[in-house]
Amino acid sequence: MSHPRIAVLNAAHRDENTTRNFRRELDASLAEFDATGGTVPDDFEYDGAVVTGSRSSVYWDDEWMEPVAEWVGEAIERGIPFLGVCWGHQLLADVLGGTVEDMGVYEVGYSEIEHTGESRLFDGIDETFRSFTSHSDAVTDLPPGADPLAENDYSNHGFRKDRVFGVQFHPEYDSKTARELVHRKELSDERRESVLEEITEENYRRACEAKLVFDNFLEFVREVRADGVDAGAEKRTATRVGRSD
């Protein structure tokens with residue numbers, strides 16, 4: 001079977017790390033669009049879509065966000081599976097009727113996260129896992145009908161509604177990306193050094209487990225494409241192919 005065709009809406013303001021990271025983690029045929037440059041796909045001929053992180057906030061009145069949200073909304077209505085990461089997670093929640101707000105604090109560094117709801121997105125990932133995080137906004141109210149999938153003391157870290165999945169953490173990050181982000185953030189010297197000390201080979205290896213969300217999402221996309229899975233049939237399909245949520 002050919003690789004699924006995935007539209008990647010890159011909202012990272014031309015950060016080269018984002019392109020590199022998602023190309024490495026997504027084993028698919030990728031069509032990348034510079035969302036912050038006002039570019040979105042011309043059509044909906046994709047098997048799935050991914051929305052990246054961003055230094056922007058979903059609730060800002062930036063001109064580029066409107067066409068992105070419009071394309072995402074129509075693509076969801078057409079049944080295209082989605083995965084959102086960090087800002088992408090927040091955008092998907094917002095488009096589906098959830099609420100995104102400033103937390104009043106900044107979560108950054110390798111965090112412990114617990115996945116709290118059963119979903120194939122977390123197949124192979126321990127109930128408590130580690131991943132790099134960087135956000136001061138959070139999904140404070142999930143979209144109507146959405147299931148929470150992950151959380152920690154800061155915020156919700158994952159949800160699913162039908163064919164839409166979102167994760168607040170950054171499973172795509174490598175050590176280079178993490179270090180460069182910390183250096184450009186406005187942090188106290190003490191906090192900056194503390195977070196940099198966390199960026200070790202050991203922590204990165206532990207965090208690699210969370211990268212399975214990409215493989216799990218793409219497997220779901222392949223099943224939707226091959227079998228015409230209806231939006232509510234995630235668990236039924238998993239059972240049919242010998243998987244268990």
Within the range 109-140, how many residues turn out to be among the aliphatic types (A, V, I, L, M) and assigned to a strand (DSSP E or B)? 3
Among residues belonging to the range 180-202 that are acidic (D, E) and in contact (Cβ under 8 Å) with a residue 12 or more places away in the chain, point out the one that is most open to solvent (accessible area, probe 1.4 Å). E201
Among (1) acidic (D, E); (2) outside any strand (DSSP E or B); (3) surrounded by 14 or more Cβ atoms within 10 Å (Cβ to Cβ), there is one condition E66 misses while meeting the rest; what is its number? (3)
Please specify each residue of the range 117-129 satisfying the condition of being surrounded by fewer than 20 Cβ atoms within 10 Å (Cβ to Cβ) and at pLDDT 95 or above. D123, G124, I125, D126, E127, T128
Index of the failed condition, I80 passing every other in (1) more than 18 Å from T36 (Cα to Cα); (2) part of a strand (DSSP E or B): (2)
Considering residues of the range 1-43 that are assigned to a loop (DSSP other than H, G, I, E, B) and among the β-branched types (V, I, T) only, the residue most open to solvent (accessible area, probe 1.4 Å): T39
So which residues in the range 31-74 are touching a strand residue (DSSP E or B) at 6+ places or on another chain (Cβ under 8 Å), among the acidic types (D, E) and farther than 25 Å from T177 by Cβ? E45, D47
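This table checks each residue for (1) out of contact with any Leu (no Cβ under 6 Å at 6 or more places or on another chain); (2) more than 28 Å from Y204 (Cβ to Cβ).
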site: N21; (1), (2): yes, no
site: D27; (1), (2): yes, no
site: T36; (1), (2): yes, no
site: T39; (1), (2): yes, yes
site: Y46; (1), (2): yes, yes
site: G84; (1), (2): no, no
site: L92; (1), (2): yes, no
site: G98; (1), (2): no, yes
site: D102; (1), (2): yes, yes
Please go through the range 69-108 and pick out each residue that is buried (at least 20 other Cβ atoms within 10 Å of the Cβ), touching a helix residue (DSSP H, G or I) at 6+ places or on another chain (Cβ under 8 Å) and either more than 30 Å from L187 (Cβ to Cβ) or of a type in the set (G, A, S) (or both). V72, I76, P81, F82, G84, V95, L96
Residues of the range 161-179 that turn out to be open to solvent by 30 Å² or more (accessible area, probe 1.4 Å) and either free of Cβ contacts under 8 Å to residues at least 60 places away in the same chain or among the acidic types (D, E) (or both), as a count: 2
In the range 48-58, what count of residues is obtained for those that are in a loop (DSSP other than H, G, I, E, B) and open to solvent by less than 40 Å² (accessible area, probe 1.4 Å)? 6
Is it the case that some residue within the range 211-230 is over 28 Å from V164 (Cβ atoms), among the charged types (D, E, K, R) and either open to solvent by less than 60 Å² (accessible area, probe 1.4 Å) or modelled with pLDDT of 95 or more (or both)? no
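The values are calculated or read from the model by the stated rules, or taken from the named source; none is laboratory data. All values derive from a computational prediction rather than experimental measurement. Cβ coordinates were reconstructed from backbone atoms using ideal geometry, including for glycine residues, and neighbour counts include every protein chain displayed. Note: areas computed on protein heavy atoms with side chains; ligands, DNA, RNA excluded. Shrake-Rupley method; radii C 1.70, N 1.55, O 1.52, S 1.80 Å.
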